[in-house]
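Please read through the structure below; I'll follow up with questions.
Only the coordinates and a few stated rules stand behind these numbers; no lab work does. Not measured: the values here are computed from a predicted model. So basically every Cβ, Gly included, is an ideal-geometry build from the backbone, and we count neighbours across all protein chains shown.
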Amino acid sequence: MKYYKSAICKNGHLQDSHLEENETFLKKYCQQCSSEVIDKCSHCNKIILGSLDSISGLMAPYNIPNYCHGCGSPYPWTEKFLNEYKLILGLQSDEIDRKMQDKIYKATEEAIKQNFKGNSITILKFITKGLSRVTKEAILNSLKEVTTNQVIDLLN
């Protein structure tokens, strides 16, 4: 089994997930949003892992990674989401105090790191349980950027 290299724009649009490690993606900018296309972590210079090629020759489904496998830093699209998410939480200050905003943010960040598996959904659901429908909708709508509708339904 081997991993290919991915080329992804800084806004998180997949350009290619089947590049050889020494291969370069030819387009420097995303045709969808015109942001720069990268294939390495800006913190540690490790390649962005692409599709997994198995012995059977079947390709596993590819999910765009949120964090670097080499150093654990968030990729630009994850950083952008987290910054926007923090702003959305801040806009809910009439209902959520700063301490609660931090708890929700940290629980969400951990859920993203775990790809919304294990206890991460349960913890996030518990923390947001008492929120008003409007506030919860704002949070869930922003989470649609980084997870599936199935996970959103579980958090509802």
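Mind checking Rg over Rh on the range 1-116, alpha carbons, Kirkwood formula for Rh? Could you put the intermediate results ahead of the total?
Working: Rg = 16.6 Å, Rh = 15.7 Å.
That ratio is 1.06, to two decimals.
Amide H neighbours of S35 under 5 Å, counting only residues 5+ apart in sequence or on other chains, H built in-plane at 1.01 Å?
Excluding prolines and chain starts, which carry no amide H, the hits are C30.
Between the helical axis of 98-113 and the dominant principal axis of the chain, each derived from Cα atoms, what acute angle in degrees is found, rounded to the nearest 10?
It works out to around 30 degrees.
Now a separate question. Give the calculated FRET efficiency between N45 and E137 to the nearest 0.05, with a Förster radius of 35 Å applied to their Cβ-Cβ distance. Walk me through the numbers on the way to the answer.
On the way: r = 40 Å, r/R0 = 1.14.
My answer for the efficiency is 0.30.
DSSP loop (so not H, G, I, E, B), at most 16 other Cβ within 10 Å: list which chymotrypsin sites (Phe, Trp or Tyr not before Pro) in the range 22-97 pass both filters. Spell out each step's value before the answer.
Values: sites: F25, Y29, Y62, Y67, W77, F81, Y85; in loops: F25, Y62.
Those that pass, being in a loop and sparsely packed, are F25, Y62.
Here is a further query. Which net charge results for the neighbourhood of S51, defined as the other residues with beta-carbon distances under 14 angstrom from its beta-carbon, given Lys and Arg at +1 and Asp and Glu at -1?
-4
Non-local amide H neighbours of G50 (under 5 Å, H modeled in plane, Pro and chain starts lacking H): which ones?
Hits under the 5 Å cutoff: Y4, K5, S6.
Rounding to the nearest 10 and keeping the result within 0 to 90°, find how far the Cα-based axis of helix 133-143 lies from the longest principal axis of the chain.
Compared with the principal axis, the helix lies near 10 degrees.
Assuming 0.890 mPa s and 25 °C, estimate D for the range 76-155 with Stokes-Einstein, Rh taken as the Kirkwood radius over Cα pairs, in µm²/s. Mind dumping the intermediate values first?
Numbers: Rh = 12.5 Å.
Calculated translational D: 196 µm²/s.
So what are the ³J(HN,Hα) numbers for the range 39-49, from phi and the Karplus equation (6.51, -1.76, 1.60; θ = phi - 60°), rounded to whole Hz, Gly and Pro as x?
9, 9, 5, 6, 8, 10, 6, 6, 5, 7, 4
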